[in-house]
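Trainee: One structure, pasted below without further comment.
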C-alpha cells in the first residue's frame, strides 16, 4: 500500500508539472497577443495625443521606433525623417527588421519572449533586478522598450492568475502608460521646454488622463 501511494504521488506530481508547463506556454502566447494589441493601440493615437498635450510634437521627434501602423517589430516603408523602414512581420511581440533611428513610433517588446532586434534573433532575457521597463543604450537610440516579464510582481501575477486575467492585462497596460509618459518627457526635453517640477507634473497628469480616456474608449473590452 505504501508503494502504491508513492507511485500515485509520483504520477500526480508529473501531471502537475506537465499542466504547469502548458499553462506557462499558454501565458506566453497570450502575452504576445496582448502586446500586439497594445502596440497597435499605442501607434494609432500616441503621436496625436502627445501633439495635443505638448503643443505639437512634429514627425520624427520620438526616440525612434518602428514607424509602422502594425504590431510587433516590422515597420512599413516611410518617407518621413529618420530613413525608411521595410515591411516586416510581427511575430512573438516584436520580430521583424531592425528598428531605424528617428522613426515615428516606439516599439514595445517582451523580455524572454520577443526576439532581440539587435542580437542574433534570440529573446532578450532580463533579471528580476532590472526595471519593469528597460532600455539599453542601443534601444534608446532606436526607440525600443522592453517590458521585463521577470520582475517578481509580473511573474507572480502570471503564475497565480494567468495571462487571461484582468490583473495581468492591467499590469501590461500600465507598463505601456509608463512608456508613453517617458516618451512625453523625452519630447518635452527635445522641444527645449523648461522642465520645472510643476510643468512636468502637470504634463504627466495630462498625458495619463488622455491615455486613460482613450483606453476606456478603445480598449474597454481588453481591460474590463
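Trainee: At what distance in nm do the modelled label points of residue 223 and residue 178 sit from each other, each positioned 7 Å from its Cα along Cα→Cβ?
Mentor: Result: 1.7 nm between the two label points.
Trainee: What is the Cα centroid distance between region 40-54 and region 187-220, reported in whole angstrom?
Mentor: Answer, in whole Å: 10.
Trainee: Please give the length that would be gained between residue 2 and residue 198 if that part of the chain were fully extended, namely 0.36 nm times their separation in residues minus their C-alpha to C-alpha distance (nm, one decimal).
Mentor: Answer, rounded to one decimal: 63.5 nm.
Trainee: Also, quick follow-up: Return the distance in nm (one decimal) between the two label points of a simple spin-label model at residue 164 and residue 98, each offset 7 Å from Cα along Cα→Cβ.
Mentor: 4.1
Trainee: Then there is this: Ranking request for peptides 107-120, 195-208: highest mean number of other beta-carbon atoms within 10 Å first, then the rest in descending order.
Mentor: Going by the mean number of other Cβ atoms within 10 Å, highest first, we get 107-120, 195-208.
Trainee: Could you give the length gained by full extension between residue 216 and residue 40, i.e. 0.36 nm per residue of separation minus their alpha carbon distance, to one decimal place?
Mentor: Length gained, residue 216 through residue 40: 61.8 nm.
Trainee: Assuming R0 = 30 Å, can you tell me the calculated FRET efficiency for the pair residue 155 and residue 122, based on Cβ-Cβ distance, to the nearest 0.05?
Mentor: It comes out at approximately 0.90.
Trainee: If packing is taken as the mean number of other Cβ atoms within 10 Å per residue, what is the order of 150-158, 29-37, highest first?
Mentor: Ranked by mean Cβ neighbours within 10 Å, highest first: 29-37, 150-158.
Taken together, the values in this text are just the output of simple stated rules run on the coordinates, not laboratory data. What you see is a predicted model, and the numbers here were worked out from it, not measured in a lab. Note: ideal-geometry Cβ built from the backbone for every residue, glycine included; neighbour counts use all protein chains shown.
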